[in-house]
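Data first, discussion second: the structure below is written as structure tokens.
What follows draws every value from the coordinates through simple rules; no lab data is involved. Because the structure is a prediction, the values reported are computed rather than measured. Neighbour counts run over all protein chains shown; Cβ positions are idealised from the backbone, glycine included.
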Amino acid sequence: MIGILHKLASQPLVYDCLQRVVGQEINLNKVSSHTKTMRPCTIVDVGGGTGAARNLWPRGSRYICLDIEMPKLRLFRSKNPSGFALLADATRMPIATGSVDVILCMCFTHHLTDEMFDQTFREALRVLRVGGRLILLDAILKHERRIGRILWKLDRGSYPRTAETLYEKLGANFRIIHWEQYAIYHEYVFGIGVRT
């Protein structure tokens with residue numbers, strides 16, 4: 001049964017609806033409160049799905065929606081005909097070294113094994129220019145949140161982490177300039193790190 005739900009949830013239109021139901025707008029608003037003053041030239045939305053975060057960035061910027069699922073990228077391109085969709089793995093980004101101003105990892109890292117997570121951060125360090133920012137927002141594992149436990153059972157992501165683990169990973173690779181925790185149904189962390 002869970003396999004059928006996962007297959008259904010992977011359909012781009014269903015995926016978008018589910019994201020809205022579980023609080024995507026609140027998450028986007030959290031990020032927007034920090035990005036509205038940024039003027040990046042190039043943004044890579046890692047695990048960008050259907051590109052819901054495109055509107056966080058100025059129209060003149062180069063927004064790259066990177067994902068491993070072509071159906072989601074097709075929906076992104078249908079909504080953003082001039083958008084740049086990149087079918088690629090976050091652990092091996094086909095992007096030039098030091099060419100990116102911002103990497104956005106939103107509701108994505110819980111799909112990665114520890115090894116993949118570490119490699120994605122190494123890739124982020126490689127492609128970000130010095131002074132570039134990594135924006136990390138993801139649901140965290142909180143056993144005492146009953147609704148969160150139910151959502152984790154339904155989620156295709158098999159690797160939820162604690163807030164402490166995500167903070168430690170971000171801080172080991174970047175200078176943290178913002179960190180907060182908040183709850184919708186899941187509890188979330190939202191951090192911004194600068195590449196030094």
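So the values come out like this:
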{"read-out": "Cβ-derived FRET efficiency at R0 35 Å, residue 130 paired with residue 159, nearest 0.05", "value": "0.75"}
{"read-out": "Whichever aspartates and glutamates have a C-alpha closer than 13 Å to that of residue 30, once near sequence neighbours (fewer than 8 apart) are set aside", "value": "138, 180"}
{"read-out": "Two-site FRET efficiency, residue 20 against residue 116, from Cβ-Cβ distance with R₀ of 22 Å, rounded to 0.05", "value": "0.25"}
{"read-out": "Least to most buried among 179, 57 (fewest other Cβ within 10 Å first)", "value": "179, 57"}
{"read-out": "Nitroxide proxy distance, nm - points 7 Å out along Cα→Cβ at residue 172 and residue 97", "value": "2.2 nm"}
{"read-out": "Using a Förster distance of 35 Å, the FRET efficiency for residue 70-residue 38 (Cβ separation, nearest 0.05)", "value": "0.75"}
